[in-house]
Amino acid sequence: MSKRSLDNNKDDSKIPAKEPKKHWSLGLVESMEDPKLIYKETKNLVVIRDKYPKAKIHFLVLPRDDISSISKLNKSHLNLLDEFGLLLKTIKEEHDCELRAGFHAVPSMHRLHMHVISTDMNSPCLKTKVHWNSFTTGFFILYEDIFKKLTEDGFIQKISNETHKSLMSTPLKCNQCSYEPKNMPQLKQHLLTHIK
Ligand code: AMP
Ligand code: ZN
């Protein structure tokens, strides 16, 4: 059989069309539709489990509207932010551990997302000083502070590169006592002593 007739016999209709690979930073938008990750949904918001949780409990709350990050928020979003607060209250009622809610000052992933995370910070996915400092320094802007800033100023001020660098290089300190570990392995070992 000639090469040409072989080619003609190909039935391309049976080959599934390859989806173009999406950029990693769009992963949350995909996860919002993954039933295995969805914890709770409302008309305007979706709560998913963080795929790489940095504590025993780690959720992300995202709007269905395509708002890319906190820097896009204005006063017209205050009602939506209120809904974040109501959902947070429900999530807190469903858990008997201490939960903190906030936004990273410089998020790495697209789509506005509020972290809801337990204070144990006990997780194999929590590995680096950057991970630690992104949840335990001013880089983690509490939900209440975002709400207050938006109400008062109507926007969320971006932090400078210098502030970003200095927050990330803050010396390690336990989030539950005054212990100052020398490194991450020491910190992770120490965190176990706080587990009841
Ligand atoms: P941020 O630095 O605020 O942008 O944090 C993004 C969060 O999304 C991190 O806590 C990641 O562990 C989490 N994450 C990354 N990729 C995914 C994904 N595909 N689905 C769910 N969570 C993810
Ligand atoms: Zn401690």
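Taking the criterion of being among the basic types (Lys, Arg) and more than 18 Å from residue 125 (Cβ to Cβ), the residues of region 160-195 that qualify are 165, 173, 182. Condition test on residue 43, is it charged (D, E, K, R) and within 16 Å of ligand 1 (Cβ to nearest atom)? It is false that residue 43 is charged (D, E, K, R) and within 16 Å of ligand 1 (Cβ to nearest atom).
Hand me the list of helices (runs of 4 or more DSSP H) wholly inside region 143-196 holding 2 or more residues that are open to solvent by less than 60 Å² (accessible area, probe 1.4 Å), modelled with pLDDT of 95 or more and near ligand 2 (Cβ under 10 Å from one of its atoms).
184-192
Being closer than 20 Å to residue 136 by Cα and among the β-branched types (Val, Ile, Thr) is the requirement here; does residue 57 meet it? Here the answer is yes, as residue 57 does meet what is asked.
Here 108, 123, 118, 166 are screened, and the one residue that is touching a Pro at 6+ places or on another chain (Cβ under 7 Å) and among the polar types (S, T, N, Q) is 123. Taken together, the residues in region 50-109 that are in a strand (DSSP E or B) and either within 19 Å of residue 121 (Cα to Cα) or near ligand 1 (Cβ under 10 Å from one of its atoms) (or both) amount to 11.
Taking the criterion of being modelled with pLDDT of 95 or more and more than 30 Å from residue 84 (Cα to Cα), no residue of region 1-51 qualifies.
Can you pull out the residues in region 135-162 that are in contact (Cβ under 8 Å) with a residue 24 or more places away in the chain and among the basic types (Lys, Arg)? Matches in region 135-162: 158 only. Listed conditions (1) more than 15 Å from the chain's Cα centre (by Cα); (2) open to solvent by less than 10 Å² (accessible area, probe 1.4 Å); (3) without any contact (Cβ under 8 Å) to a residue 60 or more places away in the chain are all met by residue 132, apart from (1). Looking across region 35-50, the residues that are surrounded by 14 or more Cβ atoms within 10 Å (Cβ to Cβ) and charged (D, E, K, R) come down to 40, 49, 50.
Residue-wise test of (1) in contact with a helix residue (DSSP H, G or I) (Cβ under 8 Å, 6 or more places away or on another chain); (2) within 16 Å of ligand 1 (Cβ to nearest atom); (3) small (Gly, Ala, Ser); (4) on the phi > 0 side of the Ramachandran plot.
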site: 147; (1), (2), (3), (4): yes, no, no, no
site: 157; (1), (2), (3), (4): yes, no, no, no
site: 166; (1), (2), (3), (4): no, no, yes, no
site: 178; (1), (2), (3), (4): no, no, yes, no
site: 182; (1), (2), (3), (4): no, no, no, no
site: 185; (1), (2), (3), (4): no, no, no, no
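For region 113-122, taking the residues that are open to solvent by less than 10 Å² (accessible area, probe 1.4 Å) and more than 10 Å from ligand 1 (Cβ to nearest atom), the one that is farthest from residue 72 (Cα to Cα) is identified as 121. Could you please let me know if residue 92 is exposed (fewer than 12 other Cβ atoms within 10 Å of the Cβ) and not hydrophobic (A, V, I, L, M, F, W, C)? In short, no.
The values are calculated or read from the model by the stated rules, or taken from the named source; none is laboratory data. This structure is a prediction, so every number in the text was calculated from the model and none was measured. For neighbour counting, all protein chains shown are included, and Cβ atoms are generated from backbone atoms with ideal geometry for every residue, glycine included. Areas reflect the complete protein model, heavy atoms only, side chains present, ligands, DNA and RNA absent. Shrake-Rupley method; radii C 1.70, N 1.55, O 1.52, S 1.80 Å.
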